[in-house]
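Below: the structure, in structure tokens.
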Amino acid sequence: MDETVIVDNLRVHFLLEDTIVKAVDGVSFHVNKNETLALIGESGSGKSTLGKLLLMLIKPTSGEVYFNGLNLTKMRDRELRKIRQEMQLIPQHPEDALDPKWKIYDSMVEPLRIHKLVNGKSEEKELVYELLEMVGLQEEHLNRYPHELSGGELQRVVIARAISLNPKFIVCDEPTSMLDVSVQASIINLLLDLQKKLGLAYLFITHDLEIANVVADRIAVMHHGKIHKIS
């Protein structure tokens, strides 16, 4: 099977002031291994909600999500935790993903410790330094706090955290929209390079068609909770 993620008739409806809001309304698509599917649409079209649904950060009203043949929508929370490290999120606001009171080193090693991927301090440091090199950061960044880093550097830290867990699929939720144009290009190039090296599948959420054309193998257009076109 070539598909990493399969989405079948997925819906999530919210009740807001006695009105049912159909944030995602009957969406079906797939993302292949080593592929980038760009999801474009206006603000409020349901893009970010759909990304969270794929990671089961939000439970759907109906429909199904399959990851490597496993039906995530049928799993209990304990079962989901076991495979969560294979599905990661790169958020639009990297500062929200990092504890402002922690140095960058502590933020980098947190997922490694939670998932027990390292044995001892020596192995921990070796892996952190390897990740730093992969995302283009320096050892000096490890002793800084998030507020001491630029937006591009923070996004590189969050990317390093995501790939540290050896994922197969990453939801990139507008990862460059808050960055300067020059920095956007470097982050996009980094993501494409990591995809080739690590064999990643991406759902790349953006409102920018130009960026979608650069990163994507296929493009899906979302409007009012529905996907109207995939090309």
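Bear in mind these aren't lab numbers, they're just calculated from the coordinates by the rules spelled out. Treat the numbers as computed from the prediction; the structure is a model and nothing was measured. No Cβ is skipped: glycine too gets one built from the backbone with ideal geometry, and neighbour counts run over all protein chains shown.
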Unit charges on C-beta of K, R, D, E only; dipole of segment 59-132, Debye: 380
Sorted peptide list for 90-98, 19-27, criterion being average Cβ within 10 angstrom, highest first: 90-98, 19-27
Per residue convex hull volume, Cα atoms of the chain, in Å³: 136
Estimated FRET transfer efficiency (residue 223, residue 114; beta-carbon r; R0 41 Å; 0.05): 0.65
Computed helical MRE - 222 nm, the chain, DSSP H runs ≥ 4 contributing -39500 (n - 2.57), nearest 500: -10500 deg cm²/dmol
Per-selection metrics, segment 100-177 (Cα): Rg and Dmax in Å: 12.2, 38
Estimated dipole of the chain in Debye, rounded to 20 [Cβ of Lys and Arg +1, of Asp and Glu -1, Cα centre]: 820
Size of charge dipole - segment 1-67 - debye, nearest 20, with Cβ of Lys, Arg +1 and Asp, Glu -1, no other charges: 140
Normalised contact order of segment 3-230, rounded percent, pairs of Cα under 8 Å and 6 or more residues apart: 32
Part-to-part distance (alpha-carbon centres) for segment 14-42 and segment 172-197, which is given in Å: 22
Pairwise label distance in nanometres, residue 180 with residue 71, each label 7 Å out on the Cα-Cβ vector: 5.1
Percent of beta bridges antiparallel (DSSP, the chain, rounded to nearest 5): 55
The chain: DSSP helices with Cα axial extent of at least 20 Å and average Kyte-Doolittle hydropathy no lower than -0.5: 120-135, 181-198
